[in-house]
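Participant: This is the structure I want to talk about, given as structure tokens.
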Amino acid sequence: SSIVLVFEAPVGTRKSFDAGWEEGHREGGWNWNIEKGQRIKMGERLGYV
Amino acid sequence: LRFALHNTKVEWYPIPVGLGIGLLGLLQFYKAQRAERERAEREAAGESLDFEKVPPRPKHRLSGPWQVQIMSTLPLKAMSRLWGRFNEIELPYYLRVPGFKLYSWVFGVNLDEVAEPDLHTYPNLAAFFYRKLKPGVRPLDPDTRAILAPSDGRILQFGLIERGEVEQVKGVTYSLDALLGAATPNHADHTDKFTDHQGEPAQKNEAKMLADAEFAKMNGISYTLPTLLAGDQGGARQRSASIDASTPYKASAEAEVKADLARGDGAPWYAPKPTSNNALYYVVIYLAPGDYHRFHSPVPWVVQSRRHFAGELFSVSPYLQRHLPGLFTLNERVALLGRWRWGFFSYTPVGATNVGSIKVNFDAELRTNSLTTDTAADMAAAAAAKRGEQYPGFVEATYLHASRTLGGHPLQRGEEMGGFQLG
């Protein structure tokens, strides 16, 4: 069995890497906290706005 | 004879499993061909549609290696139902603990997390499979900006949806329309029809909903997914819910969701969100046989409708996902559609051969992997074909009257929504 989530979220603006943010971080937008193939448990974060 | 019996060496050889699968596939292939021939003959003779003998929905012609081709000819849903029945057989008391411990060892179940530590209390594998966990073993991430994992599992895919397409595996994509359905049955007359269904048996209700869907489809009144994303709730709000009358009203959930939605940009939740800076994202989570199989709400949101796609029940193992394009758009699934603070939100549990039953706690009338709903879908498909139209592929029901102010069923962060059951 599988679960597919499709959702709308703000894109935000890319924050400079030099500013101390992790690469790909988007300020005010959606950011993932997962990797492909990763084991995850209910309640852990997939990402955040 | 005695000499022969005592002195003849007997050797046993297993019949290859592939031979058995091939035979079943061949029989199913001939059966499908015969049904198709009979249907063509009936059509040629100009017979009217007989709902007592509804032809099954035509199966998709699948591309892929021979294993996939053979699998597509098998009666997967019947096999899944049989598997479910088998697992509901009560196990002898003294076999339960060793049996469940063996299962846990093979599939990696952590028995320390199980809510009921006495394994004797689970009468069969189906009950153990749908086990609850101890309170507190799955703490929710404290960051309220986060989307939480809805279940235990493995992340298969995630990313941004571009041009309305979702990537299943690398290089294989399917459209969002195919996954969630495009046209939404929607008509002002719908309200009365749905409201009249209160308290009726599920089977009758399902058939009526099908009739409603057909009615709306016939009248060509619908809105597309982009319209839904843009926040056009006008038509949708005219539809009415009847399907969760058994669900108690939850003031706390409503208050939490309402407060959270209002935080988005200060506008009321139902106001169209500015979509210019928004995008659609997706994530696919695979639940292995040993995983906890109940699923939860990842955010505070409002479920406005559900679409039941009575499709096939292929395995969703990573192997088949690599070899069967559009697997998620073929399998039986329940797409729950609604809104969260940033706009559109959908949650789609997809069934598989061994785990064919999808349960949604607040939808008592939903029946998945059921012969009744399959027949109802076949009827709708046949009726649509008779009118020369394309069957939309799903039956839709709405929850718009489930809440006093939100126009849907509110769900709290981390709240249990339902689960997958064996067979």
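Taken together, the values in this text are just the output of simple stated rules run on the coordinates, not laboratory data. All values derive from a computational prediction rather than experimental measurement. Positions of Cβ are backbone-derived with ideal geometry, glycine not excepted, and every protein chain shown enters the neighbour counts.
Participant: Which residues in the range B:292-321 have a backbone N closer than 19 Å to a point placed 7 Å from the Cα of B:Thr405 along the Cα-to-Cβ line?
Facilitator: Label zone hits: B:300-304.
Participant: Related question: Sort out for me the Cα centre separation of the range B:280-328 from the range B:10-31, rounded to whole Å.
Facilitator: Here the two parts' Cα centres lie 31 Å apart.
Participant: Separate question: Taking K and R as +1 and D and E as -1, what net charge do the other residues with C-beta under 11 Å from the C-beta of B:Leu125 add up to?
Facilitator: My count for the surroundings of B:Leu125 gives 0.
Participant: Another question, if that's okay. How many partner chain Cβ atoms sit within 10 Å of a residue's Cβ in peptide B:150-162, on average, as a whole number?
Facilitator: Across B:150-162, the average partner-chain Cβ count within 10 Å equals 5.
Participant: Which ordering of B:Asp177, B:Asp363 is given by a fewest-first count of other beta-carbon atoms within 10 Å?
Facilitator: B:Asp177, B:Asp363
Participant: Give me the net charge of B:Thr348's neighbourhood, meaning all other residues with Cβ under 12 Å from the Cβ of B:Thr348; Lys, Arg count +1, Asp, Glu -1.
Facilitator: Once positives and negatives cancel, what remains is +2.
Participant: How large is ³J(HN,Hα), in whole Hz, for each residue of the range B:87-99 in order, when computed from phi with the Karplus curve 6.51 cos²θ - 1.76 cosθ + 1.60 and θ = phi - 60°, using x for Gly and Pro?
Facilitator: Ordered by residue, 3J(HN,Hα) equals 7, 8, 5, 5, 7, x, 3, 7, 8, 5, 4, x, x Hz.
Participant: I need the phi-derived Karplus couplings for the range A:33-43: 6.51 cos²θ - 1.76 cosθ + 1.60, θ = phi - 60°, integer Hz, Gly and Pro marked x.
Facilitator: Karplus values, whole Hz, x for Gly and Pro: 10, 10, 10, 5, x, 6, 7, 9, 10, 4, x.
Participant: What does the charge dipole of the range B:67-179 about its Cα centre add up to, to the nearest 20 debye, if the Cβ of each Lys and Arg holds +1 and the Cβ of each Asp and Glu holds -1?
Facilitator: Magnitude of the dipole: close to 280 debye.
Participant: Which residues' amide hydrogens lie under 5 Å from the amide hydrogen of B:Gly408, considering only partners 5 or more residues apart or on another chain, with H built in the peptide plane?
Facilitator: B:Ala402, B:Ser403
Participant: Rounded to the nearest 0.05, what FRET efficiency do B:Ile21 and B:Ala279 give with R0 = 41 Å and r taken as the Cβ-Cβ distance? Could you check?
Facilitator: Calculated transfer efficiency: 0.40.
Participant: Strictly over 29 Å apart at the Cα level, which of B:Lys31/B:Lys359; B:Lys359/B:Lys386; B:Lys77/B:Lys386; B:Lys77/B:Lys134; A:Lys36/B:Lys359 would you flag in this model?
Facilitator: As for pairs spanning more than 29 Å Cα to Cα, those are B:Lys31/B:Lys359; B:Lys359/B:Lys386; B:Lys77/B:Lys134.
Participant: 7 Å from Cα along Cα→Cβ at both B:Gln67 and B:Arg322: what's the point-to-point distance in nm?
Facilitator: 0.9
Participant: Further question: Check which residues have an amide H placed less than 5 Å from B:Phe295's amide H, if you skip close sequence neighbours.
Facilitator: Residues meeting the amide H criterion: B:Met417, B:Gly418, B:Gly419, B:Phe420.
Participant: What is the sum of charges, Lys and Arg at +1 and Asp and Glu at -1, for the other residues whose Cβ falls under 12 Å from the Cβ of B:Ser80?
Facilitator: Cβ neighbours under 12 Å give a net charge of 0.
Participant: In addition: Which FRET efficiency, nearest 0.05, do A:Tyr48 and B:Tyr30 yield, Cβ-Cβ r, R0 60 Å?
Facilitator: Approximately 0.65, to the nearest 0.05.
Participant: If you count, for every residue in B:137-147, the Cβ atoms of partner chains within 10 Å of its Cβ, what is the mean?
Facilitator: The mean count of partner-chain Cβ atoms within 10 Å per residue comes to 5.
Participant: Please give the average number of partner chain Cβ atoms lying within 10 Å of the Cβ of each residue in B:326-336, rounded to a whole number.
Facilitator: Mean shielding count: 1.
Participant: So, by mean Cβ neighbours within 10 angstrom, what's the order for B:13-19, B:292-298 with the highest one leading?
Facilitator: The most tightly packed comes first, giving B:292-298, B:13-19.
Participant: While we're here: Counting other C-beta atoms within 10 Å, which of B:Val106, A:Val6, B:Val97 has the fewest, and how do the rest follow?
Facilitator: With the sparsest Cβ surroundings first, the list reads B:Val106, B:Val97, A:Val6.
Participant: Got a sec? How would B:Glu365, B:Glu88 order by Cβ neighbour count within 10 Å, fewest to most?
Facilitator: If I rank by nearby Cβ atoms, fewest first, I get B:Glu88, B:Glu365.
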